[in-house]
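Right, one structure below, let's go through it.
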Amino acid sequence: MRQQKRYAVYGRAALFPDGAEARTPPDGAVAIGALDREAAFRDPPAVDAALLQRGRQRYEVICTPCHGYTGHGDGMIVRRGFPAPPSFHEERLRAAPARYVVTVITEGYGVMYPYAARVEPRDRWAIAAYIRALQLAQGARVAGIPGLVEKLP
Amino acid sequence: MPEAARGQLHTGVHDDVVGHAPPGTEAPDTIALRPILITGACIAAFTAATLGGLHLYYRTEIKGPLQQAPRDFPEPRLQASPARDLARMLAEERARLEGYGWVDRERGIARIPVTEAMRLLAERGQAAYAAPVQPEVTPVPGSRGGARAASAPPDRGGGR
């Protein structure tokens with residue numbers, strides 16, 4: 001396999017007009033699936049139980065080491081000395097739109113690196129929806145939910 | 001009867017099964033409890049005193065002038081049992097995630113199970129993405145907005 005007729009990386013290539021082995025894609029080239037990913041990033045998917053369940057599963061796999069299961073930013077590696085991320089239950093993030101969460105997952109923020117390579121755009125929206133569920137679960141207005149008062153201790 | 005003659009006289013009936021105890025030297029009918037108790041008490045007292053002495057001897061430490069008292073390091077410390085720490089953390093987070101409870105009774109804010117919250121959000125449809133605090137404000141990139149002070153638990157501040 002090592003001995004074959006091919007150009008070396010960054011080598012000279014007489015075949016092409018510019019004499020370079022490395023080719024750039026032609027103008028207007030689009031990677032396979034890029035348009036779908038862009039659309040999935042742009043348009044939020046419909047929220048249903050399956051999406052929230054998917055968001056919960058992805059959140060608990062990917063986000064909990066730092067953000068914690070409740071989203072207070074007290075995951076295990078934070079308890080072991082890693083810088084603490086902001087809590088999802090502070091006013092600033094309770095007022096942030098869901099697209100902001102998706103953007104942060106895509107581009108990273110602070111010491112959080114971009115997760116675009118390992119979280120699909122649809123899953124980012126699912127995680128954003130699940131974070132909304134966490135915010136509701138940890139800060140529910142008693143007046144807004146009928147029948148809640150009886151269940152509280 | 002002179003003392004030396006005891007045992008020489010075979011006046012009584014001797015039973016071979018019992019033995020050849022000379023007459024007049026039969027064991028008394030009652031056991032004298034007092035000397036046995038005194039001996040036992042002495043043994044017990046001696047054992048206790050020895051154990052106590054050894055305990056003191058081994059536990060006593062004499063501090064040298066360069067010796068320092070053991071100190072606690074600030075958190076986070078080395079984990080003696082990582083699995084136990086993780087299990088404890090999971091248990092407390094699950095409890096916060098799945099129970100009902102008051103967060104702020106005066107303002108009427110409570111905690112509900114996250115499965116219940118997911119069910120409520122699924123009913124709302126697209127409005128589930130809306131922020132719980134309206135109007136929505138996109139945070140300015142590059143500012144944490146005082147996030148550290150609000151999010152970091154106070155007892156885990158050391159060691160960063």
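Each reported figure results from applying straightforward, stated rules to the coordinates on display, with no laboratory input. Predicted, not measured: the structure shown is a model, and the values here were computed from it. Note that we place each Cβ from the backbone using ideal geometry, even for glycine, and neighbour counts take in every protein chain shown.
Points to keep in mind about this one:
- Shielding score for B:105-115, defined as the mean number of other chain Cβ atoms within 10 Å: 6
- 5 Å binning of all Cα-Cα separations within the range A:28-153, expressed as whole percents from 0 upward: 2, 10, 17, 22, 19, 13, 8, 6, 2, 1, 0, 0, 0
- Helices of chain A meeting both criteria, an alpha-carbon length of 24 angstrom or more along the long axis and an average Kyte-Doolittle score not below -0.5, with helices taken as full DSSP H segments, are A:121-138.
- Within 10 Å of each Cβ in B:69-76, the average number of Cβ atoms from other chains: 1
- Shape parameters for the range A:58-101, alpha-carbon atoms, Rg then Dmax in Å: 10.6, 30
- Take the Cα of A:THR24, step 7 Å toward its Cβ, do the same at B:ILE62, and the gap between the two points is 8.4 nm.
- Per-residue Cβ neighbour rank within 10 angstrom, fewest leading, A:VAL102, A:VAL149, A:VAL142: A:VAL149, A:VAL142, A:VAL102
- Proportion of all alpha-carbon pairs of the protein assembly as shown beyond 37 Å (%): 51
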